[in-house]
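The values are calculated or read from the model by the stated rules, or taken from the named source; none is laboratory data. Since the model is a prediction, treat every value here as computed from it, not as a measurement. Every residue, glycine as well, gets a Cβ built from its backbone with ideal geometry; the counts of neighbours run over all protein chains shown. Side chains are part of the model used for accessible areas, which takes the heavy atoms of the whole protein and leaves out ligands, DNA and RNA. Shrake-Rupley method; radii C 1.70, N 1.55, O 1.52, S 1.80 Å.
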Amino acid sequence: MSFESLDQVEFPPKWLLIAKKVLNNKRDLELWEELLQQTENLPTKDEKHPIKVSSSSPNIYKRILYIVYENLLEQFPFCEQYWCDYATQRFQLGEDALIVKNIFKKGLQFLKKSIIIWKSYLEFVMATSGSSKKILYAFEQARINAGHHYYAHVIYDMYLDYLRKTDNTKLYHRLLRRIIEIPMYHYSKYFNEFLRLLQDANLETLKYFVSTNELNRIFNLTWEQLLPTGDNARRMQQPELTEIKTKLKKTFTDIFIVTQYHSYQMWNYERDLKHPYYLPGNELTVKELNAWNSYLDYLELYTLKDISKDKQSGVTKFHKALLETAYERCLICAADYPFFWIKYANLKLNLGNIDQAKQVVARGLCSTDDLDLRLRTRLIDLEILSGNQEKARDLTIKGLMDNENSLGLTLKFIQLEHTRDPQSTLKIIRMKLDDAKGTPFESQFDFLFREILSYSDIDKAEVASIYRQYENDKKSSYHYLRGLLDFYKCYKQDSKSYQHALELANKCKNITTKKQLARITSNDNEHEFF
């Protein structure tokens, strides 16, 4: 949907004024919020009696509201609460539950670790679904996707409460067993509840704490031996049961100590994260950025250590879930920082998941302005690494169409073209040097005088011809002179020509350039040129 599709609608002047401002400043969230408020309470022509959009309002009013929400979310998809507000609005305005559910799913597809969206979605499912199976499925999806969030207690409290109310004892026990190993903000209350269940356990519920295999392997017992039959009727208070509980309590207490340690360690970073949500147009503080970077490094350290020990261990999967959740959380509030997208992609690459690394960078490319082209360049490199030369070339050309004066993308294009047609390399370099001549970007593209030396299969006579051409034009930039010196010293070893290059460097009027060149040539000449 778009505003343009509403050309035939007669809007109040105030609404039109704000809408026009929004169209001219699409990245201004405050203007969007003002437009949204005006749309929810659409003013009449006299602007004195706003109409509150409700389920009984004309469809056109609802449609306008939906269009504003969808355009807002297109601009700011990381604003978690707006996904919830949009879905809730549509539900309150009488929309079909399936439409509302799809809005939540779209938000969760984009922000799969968002506690805010998952909580709102679970509330919606419980309010609209009469199927316990569907509700449990939704809770399990929330647990799988966001269950390792440091503030996952928001979801687990809802999940456990639902299991209590539906008297699902088995799943209640098993869920708590999972939770007590997850470092989170309110980890201790779950452990205390788990110990209470263990203390009150009987033969019926004990099987939720220990498997048949564990009972036999660790305690050298079978379930039949614990049954109170015949002369052993007094076994209702049997010492074996007490012994099992005691040993299990010790085992789970050891687990609690590990969980407690990780929770405390993570809190050292969590307490410095003052804005764990997306704030368009607002920069995070250096302290908060450093906290996220250190936090991720801490979790990476333990994850990669586990992988080096045992690639299939449950601990590895557990730490990877913690790490991935932390990265996805970071990318919600730090979505505008290419550094974290690249850091996440590097992790995926280190784990051997190059396709996932590309997906991360592609997401970052769609989510940020990428003004310095770091994300595009990294995606090009990953495509090259994958052997997708044509895809890398297409990405480069598309980037150059919008950033024709990017040296980095120009170098990538030259490198890719060289693999296709080595004979075209010199032609492209000549053309770019000519295009840049006399422009503010001339000194930047002088780096091509050094880049040309990277291709050993280019005829040296042709390279020398380019240098002579620009010598005649009185070229005296650092990159030109450095390339000239390197060429005659290393590539076309010619003492006479090298001495001539030194003389040109000596005549350079730029003091800074002379000093830079002096540092690399001071031992190459028996005379004092500088």
In Å², nearest 10: area of PHE252 left accessible to a 1.4 Å probe: 10
In sequence order, calculated HN-Hα J values of the stretch 497-502 (Karplus, 6.51, -1.76, 1.60; Hz; x Gly/Pro): 5, 5, 4, 5, 5, 5
Solvent accessible area, Å² - ARG178, 1.4 Å probe, full protein context: 130
Mean accessible surface per residue for the chain, computed with a 1.4 Å probe while every protein chain stays in place, in Å²: 54
GLU224-SER56 FRET efficiency (beta carbon distance; Förster radius 45 Å; 0.05 resolution): 0.10
Descending semi-axes in whole angstrom, ellipsoid equivalent of the stretch 138-214, from the Cα gyration tensor: 21, 14, 12
At R0 = 45 Å, FRET efficiency that the Cβ-Cβ distance of THR246 and ASN290 yields, to 0.05: 0.45
Cα-based radius of gyration of the stretch 408-482 once divided by 2.2 N^0.38 Å, which approximates compact folds: 1.04
Accessible area in the full protein assembly, largest first, 1.4 Å probe, for SER263, SER56: SER56, SER263
Spherically averaged projected area in nm², based on the convex hull that wraps the Cα atoms of the stretch 27-153: 9.0
Inter-centroid distance (Cα atoms) of the stretch 405-451 relative to the stretch 141-205, Å: 61
Amide H contacts of ILE51 (H built 1.01 Å from N, under 5 Å, at least 5 apart or other chain): LEU42, THR44
Note, ³J(HN,Hα) from phi for the stretch 220-226, Karplus 6.51, -1.76, 1.60, rounded to Hz, x at Gly and Pro: 6, 9, 10, 5, 4, 5, 8
Percentage, to the nearest whole number, of Cα pairs in the stretch 285-413 over 18 Å apart: 57
Among GLN109, PHE340, THR325 - extreme Cα towards positive end, dipole of the chain, charges at beta-carbon: THR325
³J(HN,Hα) computed for each position of the stretch 264-275 - Karplus, 6.51 cos²θ - 1.76 cosθ + 1.60, integer Hz, glycine/proline x: 5, 4, 5, 5, 4, 9, 4, 5, 8, 8, 7, 10
Potential extension, ASP161-LYS105 segment - 0.36 nm per residue separation minus Cα distance: 17.8 nm
Amide proton proximity set for PHE78, modelled H, under 5 Å, gap of 5+: none
Rh by Kirkwood over Cα pairs, then Stokes-Einstein D for the stretch 425-530 at 0.692 mPa s and 37 °C, µm²/s: 234
Ratio Rg/Rh [Cα only; Rh per Kirkwood] for the chain: 1.12
Helix-only [θ]222 nm of the chain, DSSP H runs n ≥ 4, -39500 (n - 2.57) each, per residue, nearest 500: -21500 deg cm²/dmol
Spin-label model distance (nm) - HIS500 vs GLN359, 7 Å beyond Cα toward Cβ: 5.8
Fraction of accessible area attributable to carbon and sulfur, the stretch 145-220 (%, probe 1.4 Å): 43
